[in-house]
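FYI, it's all coordinate maths here, none of it is from the lab. On a predicted model such as this, the values are computed, not experimentally measured, just so you know. Neighbour counts are summed over all protein chains in view; Cβ atoms, including those assigned to glycine, are modelled from backbone coordinates with ideal geometry.
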Ligand SMILES: CC(C)(COP(=O)(O)OP(=O)(O)OC[C@H]1O[C@@H](n2cnc3c(N)ncnc32)[C@H](O)[C@@H]1OP(=O)(O)O)[C@@H](O)C(=O)NCCC(=O)NCCS
């Protein structure tokens, strides 16, 4: 079965499962716990999940109109077993399609330094000096949607 990308909101039963993946991939390695964070803003975000054989294998979220005509991509994660198979790219493409169809012209994000190359391959450009977030060096990247 081919993997399928779904758009969900935070009321969806799969949202909790996607938080589990984000916790494993993005938080536990930093000794942080996503379930202790204030996630109330996430009610207003669009969450994209990718499923393969009824298992969630990746996720990414979009803050719509983070700034004028601009969406913010956040919380990009795929599980280690499937990396390099194009699922991260597929999630970003679906997010960009949604953003464009909903009036946004630009997507920005805060990239961890070791993920810069992933976003560069997808057409994002660095547009800030490095700064620290969750203790890791990040840079702002952006892409105009045509
Ligand atoms: C970064 C991450 C989301 C990439 O997901 P993925 O499923 O491996 O991505 P894809 O397979 O779609 O890769 C797309 C392309 O980017 C490349 N790529 C993937 N990760 C890369 C990285 N860290 N640096 C450079 N290139 C990378 C792939 O080789 C592939 O290249 P190709 O199109 O020439 O074949 C995944 O490695 C991950 O979850 N990492 C840990 C969490 C993280 O760093 N998230 C981002 C926080 S800002």
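Based on the Cβ-Cβ distance from residue 83 to residue 131, what FRET efficiency comes out when R0 is 22 Å, to the nearest 0.05?
0.30
Just want to confirm a number: the relative contact order over the range 4-105, from Cα pairs under 8 angstrom separated by 6+ residues, in percent. The partial results should precede the final answer.
Numbers: 156 pairs, mean separation 26.5, N = 102.
After rounding, I find 26 percent.
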